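To keep things clear, I will list the structure first and then write my remarks on it.
The values are calculated or read from the model by the stated rules, or taken from the named source; none is laboratory data. Here the structure is a predicted model, which means the values were calculated and not measured. Cβ placement follows ideal geometry from the backbone for every residue including glycine, while neighbour counts extend to all protein chains displayed. Just so you know, the surface numbers come from the protein's heavy atoms only, side chains and all, with ligands and any DNA or RNA stripped out. Shrake-Rupley method; radii C 1.70, N 1.55, O 1.52, S 1.80 Å.
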Amino acid sequence: MKNTFLILIVGVLLVHPITANPKKTITFIIAEREYKTEQSVPAFAHKNLSQEYILYFSQASKEGTSRNILKNSSTIENSDLLFISVRRRAFKEKTMNLIRNHLSLGKPIIGIRTTSHAFDLKNSPVPKGHQVWIEWDKKIIGGNYNGHYGKGKICSIEHFSNSVPHPILQNVKLPFTTPATLYKNSPLSKSSTVLLQGRIKDSPSEPVAWTNRTASKAKVFYTSLGHIEDFEKPAFKQLLINAVKWSLKSN
């Protein structure tokens, strides 16, 4: 009887094998020329995320005609999360459609610094066969980017005055400072929830980190931080680690 029972169990396992949950995949999209995120983001990711997640990196040149061509973009299609550091690019239609489809499926994104104006070429012409996404900031990021307050002003990063406890802020020690210019983002979209604010002398405070939900219910975390010196600060790194976990956690 025991042998018959063991044979039955083995047979069930062969037909329906027990497998561990596969690791979630993250594609990092990097295409900007101001903050050296082609260095800081991979270094951060490999050190803090590589044991728990499968990481892919898609990059575009900083300058020249290839600046709007994202390499290795095919990984976007099957990624669970997109981590984006892009400034004023118009990728090929196929690449942009992969990003649009990712969001339409309700999959999350994280954006840092210049990602609020990732797909707006401002007044530059759009190359043939490429796309911009003018509504990206307000409809996806949930922001309202309108320039910054100028260089040379140390910015203090603090809790937003009306913020409530949020898992993205767990173990993020505040305040801390950043040399990055403070972005003008007020007012945000109504769907956004502010987590952190930035303050500089003689200027109003501005939201610097928030969450949003798109029309397709995709989770969005964005922060206007992302200066190369920010990646040296434990609080900023913890903020990003928490954001990744929050983004990939089931609703």
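Data for the structure
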| read-out | value |
| --- | --- |
| Verdict on S216 being over 20 Å from K237 (Cβ atoms), of a type in the set (S, T, Y) and touching a Gly at 6+ places or on another chain (Cβ under 8 Å) | yes |
| Residues that are touching a Phe, Trp or Tyr at 6+ places or on another chain (Cβ under 6 Å) and open to solvent by 20 Å² or more (accessible area, probe 1.4 Å), drawn from segment 22-38 | K23, K24 |
